[in-house]
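Structure record follows, encoded as structure tokens.
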Amino acid sequence: MSRTAVVLLILLLAAPATSAHAAGKKRAESAQTSKKSSTSTEKPTEAQPPESKPTESRPADAPVQQAEEPGLDMDFDLLEPSESAEAPRLVDPALERAIAQRRTMLTIHQGLGLATLTTLAATVLVGQLHFNDRYRGGGDTGRYDALHTGLVIGTSTLFVSTGVLGLFAPTPFKKELRLDTITLHKFFVSLATAGMLTQVVLGLVTASQEGKLSQVNLATAHQVVGYATLGAVGAGALMIVF
């Protein structure tokens with residue numbers, strides 16, 4: 001056999017072994033590669049820390065409690081207590097009674113005041129008719145004399161009753177002196193009081209001067225004061241109503 005044939009025979013016999021060896025080597029390399037990838041992807045499990053107990057939720061503006069030091073007193077308040085934090089005041093029964101009594105008396109006072117204004121207007125009207133009958137050629141019949149006297153008594157009684165209710169009504173609260181409708185009402189009522197007193201005096205004096213010339217002058221003055229008093233009472237009532 002020639003040398004060339006021997007070489008070819010050796011190559012043919014070695015080719016399957018070489019391919020088998022290469023295939024086994026490739027399988028080994030792939031196995032090692034997969035082993036490394038699986039090893040790299042797996043992470044060691046870390047030890048879990050022990051579970052901590054849940055802390056109580058506390059508002060952000062809640063005061064932080066600090067340990068008290070011996071000998072240090074922290075029980076004080078830098079802010080003054082507000083009015084809303086104060087306890088509600090108890091109602092004073094005496095004050096409530098005074099307010100209710102004042103309200104009732106002033107309501108009656110107002111009603112009597114309007115009645116006084118009405119009767120005073122009637123008194124002045126009848127007084128004018130009586131004056132015309134006696135001193136201005138009316139014949140001096142005296143037909144208005146009794147009516148005028150009755151109206152004078154009734155108006156005076158109402159006026160005094162109205163004034164008493166206004167004066168003696170309780171005043172639970174102290175009021176400052178200022179210019180308002182109440183002050184103007186008191187001013188006009190004071191003028192009306194002076195006018196009523198003057199009317200009574202002039203009426204008695206005029207009646208005592210029967211048959212004298214001065215009686216006409218006194219009756220005229222009585223008439224003028226009557227109109228002025230009616231105006232003062234009307235102004236005082238206007239201050240209360242409006």
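The values are calculated or read from the model by the stated rules, or taken from the named source; none is laboratory data. None of these values were measured; they are calculated from a predicted model. With ideal geometry, Cβ positions are generated from the backbone for all residues, glycine too; neighbour counts draw on all protein chains shown. Please note that ligands, DNA and RNA were not included when accessible areas were found on the heavy atoms of the full protein model with its side chains. Shrake-Rupley method; radii C 1.70, N 1.55, O 1.52, S 1.80 Å.
Could you check how much of the accessible area of region 100-242 is carbon and sulfur, as a whole percent, using a 1.4 Å probe?
69
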Cβ-defined net charge surrounding residue 109, 14 Å radius [Lys, Arg +1; Asp, Glu -1]:
+3
Ordered by packing density, taken as the mean number of other Cβ atoms within 10 Å over each peptide's residues, highest first, how do 168-180, 112-124 rank?
112-124, 168-180
Evaluate E = 1/(1 + (r/R0)^6) for residue 108 and residue 186, where r is the Cβ-Cβ distance and R0 equals 25 Å; express this FRET efficiency to the nearest 0.05.
0.90
Using every pair of alpha-carbon atoms in region 134-242, split the distances into 5 Å bins beginning at 0 and state the percent of pairs per bin, rounded to integers.
2, 10, 16, 21, 16, 11, 9, 6, 4, 2, 1, 0
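Determine the gain in length on full extension of the stretch residue 212-residue 96; use 0.36 nm per residue of separation and subtract their C-alpha separation, reporting nm with one decimal. Before the final figure, lay out the partial values.
On the way: separation 116, 0.36 × 116 = 41.76 nm, distance 5.95 nm.
Full extension of this stretch gives 35.8 nm more.
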